[in-house]
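Q: Before I ask anything, let me first share the structure, which is written out below as structure tokens.
The values are calculated or read from the model by the stated rules, or taken from the named source; none is laboratory data. The model shown is predicted, which means the values in this text are computed figures rather than measured ones. Neighbour counts are summed over all protein chains in view; Cβ atoms, including those assigned to glycine, are modelled from backbone coordinates with ideal geometry.
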Amino acid sequence: MDGLSFRALRVNEENNGTFTRRVVDLHEQDLLPGGVLVRVLYSSLNYKDALSASGNKGVTRRYPHTPGIDAAGVVESGAVDGFHPGDTVLIKHAEFGANTPGGFSQYAGVPSDWLMRMPEGLSARTSMAYGTAGLTAALSVHKLREQGVTPAAGNILVTGATGGVGSVAVALLAKLGYQVTAATGKPQAGQWLSGLGASVVIHRDDIDSQTGKALLPVRWAGVVDTVGGNYLSAALRSAQYGGVVTCCGNAASPALSMTVYPFILRGVSLLGIDIAHISRRLCEFLWAQLAGDWRLNRIESLARECSLDDLDAEIDRTLRGEQTGRLIVNPWA
Ligand SMILES: NC(=O)c1ccc[n+]([C@@H]2O[C@H](COP(=O)([O-])OP(=O)(O)OC[C@H]3O[C@@H](n4cnc5c(N)ncnc54)[C@H](OP(=O)(O)O)[C@@H]3O)[C@@H](O)[C@H]2O)c1
């Protein structure tokens, strides 16, 4: 498409080693060469985007860079590999928005095998209300169920409960009939979490045991942990016999200090969650669940919308752990 010009958020590495963010005008040559051109209708802000947008080289190796690991949009270029102009698609690849230009942009160019058809029943906007965070929550819940954690097994703890992964996990688990305890650092969000379906809301200090004991009194049949550190350690030490703990995040800390006793004396399982590299088949299954049986009728009420111009401040809020729920990015607003 000759003369394509579009707006995108650009992160620059300055000479003094700092990182700055600006909305700029880009052109077709700034897209991944040879890709399918997608008009991005919506993206979403995930924790990983905030890391990418603040110079975390573990996420993004080279700058200038356009973050945005999520995008839902419409195919603009000619028919390729079964996709046609006008098809509504999701973009899904571990490198998208991490080490290639991402979704904080009005256009994206990606290889055709990075495209997924929009699951039936989901609009581009609703898909981004879930986004990668919602898909990660779905994978965590799926893993608990695969391991036989049923609603009858007992309480499920969700940490970082007001965050993107946490809030969707609370709502999904409640929809599926689980008793959910939501742990948060935002006491003011108690009513909001109850509205999502949490049976009990506790302050995260309540699970941040500093006793160093190898085993704590049992509290949880299952845990969806999004924060890591001592919260994860304490959750493992207070999981009941045969309890299952999923671990996807490190918003508090990447460290994990504990003994092996929860595993060898209580048969507790720790399951790692990595949404970026799941198979296409599992990815399609999880999206189909979110569009179908697991659909959250109030998913849109969990999300706010922002523009590219708002992103600078919203990224800082994410890095300070201040977000509540999901943030949809509208690059045309
Ligand atoms: N492994 C994967 O595939 C995968 C996929 C998606 C996300 N993640 C990871 O999952 C985590 C959550 O992602 P997200 O998108 O949900 O992020 P988010 O929306 O920014 O939410 C993070 C939440 O964690 C809590 N938190 C923040 N700082 C904390 C601290 N210092 N101590 C304790 N709790 C803190 C806060 O919730 P409260 O105030 O309610 O406590 C915050 O809202 C991130 O570490 C992200 O990298 C991993």
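Q: Would you pick out the residues in the stretch 316-333 that are within 10 Å of the ligand (Cβ to nearest atom) and not in a loop (DSSP other than H, G, I, E, B)?
A: Of everything in the stretch 316-333, those that are within 10 Å of the ligand (Cβ to nearest atom) and not in a loop (DSSP other than H, G, I, E, B) turn out to be ARG317, THR318, LEU319, ARG326, LEU327.
Q: When you check GLY177 against the structure, is it farther than 29 Å from LEU327 by Cβ and touching a residue at least 24 places away in the same chain (Cβ under 8 Å), yes or no?
A: No.
Yes/no matrix, rows are residues, columns are (1) closer than 30 Å to PHE96 by Cβ; (2) within 16 Å of the ligand (Cβ to nearest atom); (3) of a type in the set (Val, Ile, Thr); (4) part of a strand (DSSP E or B):
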residue: GLY212; (1), (2), (3), (4): no, no, no, no
residue: LEU215; (1), (2), (3), (4): no, no, no, no
residue: ALA221; (1), (2), (3), (4): no, no, no, yes
residue: LEU232; (1), (2), (3), (4): yes, yes, no, no
residue: ALA235; (1), (2), (3), (4): no, yes, no, no
residue: ALA255; (1), (2), (3), (4): yes, yes, no, no
residue: LEU270; (1), (2), (3), (4): yes, yes, no, yes
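Q: Among the residues in the stretch 66-89, are any within 15 Å of the chain's Cα centre (by Cα) and surrounded by fewer than 24 Cβ atoms within 10 Å (Cβ to Cβ)?
A: Checked against the condition, which is being within 15 Å of the chain's Cα centre (by Cα) and surrounded by fewer than 24 Cβ atoms within 10 Å (Cβ to Cβ), the stretch 66-89 yields no hits at all.
Q: Here's something else I'd like to know. If the requirement is being surrounded by 16 or more Cβ atoms within 10 Å (Cβ to Cβ), closer than 13 Å to LEU9 by Cβ and within 15 Å of the ligand (Cβ to nearest atom), which of these qualifies: ALA53, ALA108? Explain how you work it out, then say what you get.
A: Values: ALA108 fails: within 15 Å of the ligand (Cβ to nearest atom).
Selected residue: ALA53, the only one of ALA53, ALA108 that is surrounded by 16 or more Cβ atoms within 10 Å (Cβ to Cβ), closer than 13 Å to LEU9 by Cβ and within 15 Å of the ligand (Cβ to nearest atom).
Q: With the structure loaded, tell me whether ALA94 is among the hydrophobic types (A, V, I, L, M, F, W, C), crowded, with 19+ Cβ neighbours inside 10 Å and touching a helix residue (DSSP H, G or I) at 6+ places or on another chain (Cβ under 6 Å) or whether it fails that test.
A: no
Q: Additional query: Given the criteria within 29 Å of ALA333 (Cα to Cα), among the aliphatic types (A, V, I, L, M) and away from the ligand (no atom under 12 Å from the Cβ), does LEU302 qualify?
A: Against the criterion (within 29 Å of ALA333 (Cα to Cα), among the aliphatic types (A, V, I, L, M) and away from the ligand (no atom under 12 Å from the Cβ)), LEU302 does not qualify.
Q: Sticking with this one: How many of the residues making up the stretch 139-175 are within 12 Å of the ligand (Cβ to nearest atom), of a type outside the set (Gly, Ala, Ser) and outside any strand (DSSP E or B)?
A: 7
Q: Of everything in the stretch 204-232 that's buried (at least 17 other Cβ atoms within 10 Å of the Cβ) and of a type in the set (Ser, Thr, Tyr), which residue is modelled with the lowest pLDDT?
A: SER209
Q: Among the candidates THR66, THR100, THR126, THR159, which residue alone is outside the structural domain of CYS247 (by TED's automatic domain parsing) and touching an Asp or Glu at 6+ places or on another chain (Cβ under 7 Å)?
A: When all the criteria are applied, what remains is THR126.
Q: Restricting to the stretch 70-129, name every residue that is hydroxyl-bearing (Ser, Thr, Tyr) and assigned to a loop (DSSP other than H, G, I, E, B).
A: Once the filter is applied, which keeps residues that are hydroxyl-bearing (Ser, Thr, Tyr) and assigned to a loop (DSSP other than H, G, I, E, B), the stretch 70-129 yields SER77, SER123.
Q: Inside the stretch 182-193, can you point out the residues that are more than 7 Å from the ligand (Cβ to nearest atom), surrounded by fewer than 24 Cβ atoms within 10 Å (Cβ to Cβ) and at pLDDT 95 or above? I'd like the intermediate steps shown before the answer.
A: Filtering the stretch 182-193 for residues more than 7 Å from the ligand (Cβ to nearest atom) gives 182, 187-188, 190-193.
In the following step, the residues that additionally are surrounded by fewer than 24 Cβ atoms within 10 Å (Cβ to Cβ) were identified as 187-188, 190-192.
GLN188, GLY190, GLN191, TRP192 - these are the residues of the stretch 182-193 that are more than 7 Å from the ligand (Cβ to nearest atom), surrounded by fewer than 24 Cβ atoms within 10 Å (Cβ to Cβ) and at pLDDT 95 or above.
Q: So which of GLU300, GLU305 is assigned to a strand (DSSP E or B) and more than 14 Å from HIS142 (Cβ to Cβ)?
A: GLU305
Q: Hey, any hits in the stretch 134-145 for a residue that's farther than 20 Å from VAL244 by Cβ, buried (at least 19 other Cβ atoms within 10 Å of the Cβ) and at pLDDT 95 or above?
A: Checked against the condition, which is being farther than 20 Å from VAL244 by Cβ, buried (at least 19 other Cβ atoms within 10 Å of the Cβ) and at pLDDT 95 or above, the stretch 134-145 yields at least one hit.
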